[in-house]
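> Shown below is the structure under consideration.
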Amino acid sequence: MRGFEIVSTKNQDDLNLPKRSTEAAAGYDFEASEDVVIPSALSNPFFKGLNILSLGKLKNIRDNEDLQGILKPVLVPTGIKAYMAEGEYLQLVSRSSGPIKKRIMMPNAVGIVDADYYNNPSNEGEIFFQFINFGVKDVVIKKGERIGQGIFLPYLLADGDDTTEKAQRQGGFGSTGQN
């Protein structure tokens, strides 16, 4: 039991559910739910932050919070949420054409959507793809453009995992990495 739904706030936005493009495709193609600009490396705050670090230009940076704000990728919304069986997760990967044709890549390389992300109280489980643009021109992602793929996969648990206390998910995107 696994699949995709449109989040309730975007039910009227004429979105497509992810689908496989060919018979042997492992990944389901995700589309952007709105137009998004991914700034070029020359203007992208992420790369400005790396430049600040590499050149030691920290005089205008007050603290780690400022630096964290600079080093932030662009989130592209999909308007899609995924449900899956226990013991499964959805792996998010970029399209192979992203770096070559558009000069964009996912800074996290692989995204993981846990089963309990579905219908979370924070954002209903909407899936986002993270991107940075290492090209010299801004990249405009248009609504309906394919931006990445999702692959459902099983996972295994370590011995003794059932004896470890676990919290209930309370938040949305990135909420399991609070510590």
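Taken together, the values in this text are just the output of simple stated rules run on the coordinates, not laboratory data. This structure is a prediction, so every number in the text was calculated from the model and none was measured. Cβ sites come from the backbone with ideal geometry, for glycine too, and all protein chains shown count toward neighbours.
> Modelling each spin label as a point 7 Å along the Cα-to-Cβ direction, I'd like the K19/N119 distance in nm, to one decimal.
Placing both labels 7 Å beyond Cα along the Cβ direction yields 2.6 nm.
> So, counting K/R as plus one and D/E as minus one, what does the shell of residues with Cβ under 11 Å around E88 add up to?
On the way: positive: R2; negative: E86, D114.
Residues near E88 contribute -1 overall.
> With the crude spin-label approximation of a point 7 Å out along Cα→Cβ, what separation in nm comes out for R2 versus V136?
In this crude spin-label approximation the distance works out to 4.2 nm.
> How far apart, in nm, are the 7 Å Cα→Cβ label points at M105 and K143?
Label-label distance for M105 and K143, simple model: 3.1 nm.
> Greater than 27 Å separation of Cα atoms is the criterion. Which listed pairs, K19/K72; K101/K143; K10/K166, meet it?
Details: K19/K72 29 Å; K101/K143 18 Å; K10/K166 32 Å.
Too far apart for the 27 Å limit: K19/K72; K10/K166.
> Can you compute the label reach from T9? Point 7 Å from Cα along the Cβ direction, backbone N cut-off under 16 Å, restricted to the range 99-118.
In the range 99-118, the label zone of T9 (backbone N under 16 Å from the point 7 Å along Cα→Cβ) covers 118.
> Can you figure out the FRET efficiency of E34 with L153, using R₀ = 30 Å and their beta-carbon distance, to the nearest 0.05? Mind dumping the intermediate values first?
Numbers: r = 28 Å, r/R0 = 0.93.
That gives a FRET efficiency of 0.60.
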